[in-house]
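Quick notes on the structure that follows.
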Ligand code: SAH
């Protein structure tokens, strides 16, 4: 990918140039495909892991579309500068609002109507399965990957950008967070996972963590598989799994357990 840093991925490209090609030129099926646009200083980092396995296959099949928008192209002057020193002093550099604004305006021209604009940021709302489900229902998303000390606040205020965090830790840039958000969302799109039922039973889908899983061999290092799972009694298996889900959630995530119980009562 590194020799073609600004190309789109999937079956059809929209080049992220200063004048994006009209969506009128895009085949009907892909006009309707879920569309991710990613503003980044590292377009060559995409699709990254998303180009593999089920998300990669779905990208090839046009079930979703990924367009990196290289921030550098919108930089200032001969060196295409994108950052400057923080007002008020201090360490690091801040991404300029005018440069980011130009990239956002170009992204907006080819964004699907109703696709939210999200800045990956440690100050954001923590990303959840519920947010992934919501995004998967929408026509797509435009993501902004920060670098250095992050974005000038004015660009966040001006475009009313939603901030979303991957968790309470600091990454060097938004690209890994963007790929995590996209992975969690794209796997929920229709037809991406072979077995749709697997998203209905997994962790968080009903507010609980998943029960333990086992496979062959039947005995390993002296450890067997819980008998109920080999009983063939589907009612009993479902009961066991439910009980284990509840037990694990209660022990590991009191916050989820409390919310789950409140929902049952409410
Ligand atoms: N100075 C900022 C951190 C900047 S880290 C602060 O203290 O809040 C550089 C970039 O990495 C951020 O702009 C953001 O896009 C990304 N990033 C870092 N941690 C992240 C996290 N937990 N979730 C999502 N994005 C993150």
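Some notes on this structure:
- Per the conditions (1) free of Cβ contacts under 8 Å to residues at least 24 places away in the same chain; (2) assigned to a loop (DSSP other than H, G, I, E, B), the sole criterion not satisfied by residue 92 is (1).
- Annotation note: of 224, 235, the sole residue that is exposed (fewer than 10 other Cβ atoms within 10 Å of the Cβ), over 28 Å from residue 188 (Cβ atoms) and over 26 Å from the mean Cα position of the chain (by Cα) is 235.
- Verdict on residue 62 being surrounded by fewer than 22 Cβ atoms within 10 Å (Cβ to Cβ) and free of Cβ contacts under 8 Å to residues at least 24 places away in the same chain: no
- On inspection, residue 261 fails the criterion of being part of a loop (DSSP other than H, G, I, E, B) and closer than 28 Å to residue 128 by Cβ.
- Counted residues, region 117-154 - those being outside any strand (DSSP E or B) and farther than 18 Å from residue 91 by Cα: 14
- Criterion violated by residue 171 - all others in (1) outside any loop (DSSP other than H, G, I, E, B); (2) within 11 Å of the ligand (Cβ to nearest atom); (3) more than 22 Å from residue 34 (Cβ to Cβ) satisfied: (1)
- Unmet criterion (only one of (1) more than 7 Å from the ligand (Cβ to nearest atom); (2) within 17 Å of the chain's Cα centre (by Cα)) for residue 166: (1)
- Test: residue 88 is surrounded by fewer than 18 Cβ atoms within 10 Å (Cβ to Cβ), assigned by TED's automatic domain parsing to the domain that holds residue 169 and in contact with a strand residue (DSSP E or B) (Cβ under 7 Å, 6 or more places away or on another chain): no
Results for (1) outside the structural domain of residue 58 (by TED's automatic domain parsing); (2) in contact with a helix residue (DSSP H, G or I) (Cβ under 9 Å, 6 or more places away or on another chain); (3) over 30 Å from residue 259 (Cβ atoms); (4) crowded, with 18+ Cβ neighbours inside 10 Å, shown as yes or no for each residue.
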position: 108; (1), (2), (3), (4): no, no, yes, no
position: 113; (1), (2), (3), (4): no, no, yes, no
position: 123; (1), (2), (3), (4): no, no, no, no
position: 135; (1), (2), (3), (4): no, yes, no, yes
position: 139; (1), (2), (3), (4): no, no, no, no
position: 152; (1), (2), (3), (4): no, yes, yes, yes
position: 158; (1), (2), (3), (4): no, yes, yes, no
position: 163; (1), (2), (3), (4): no, yes, no, no
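The values are calculated or read from the model by the stated rules, or taken from the named source; none is laboratory data. Treat the numbers as computed from the prediction; the structure is a model and nothing was measured. When we count neighbours, we look across all protein chains shown, and the Cβ atoms used for this are built from the backbone with ideal geometry, even at glycine.
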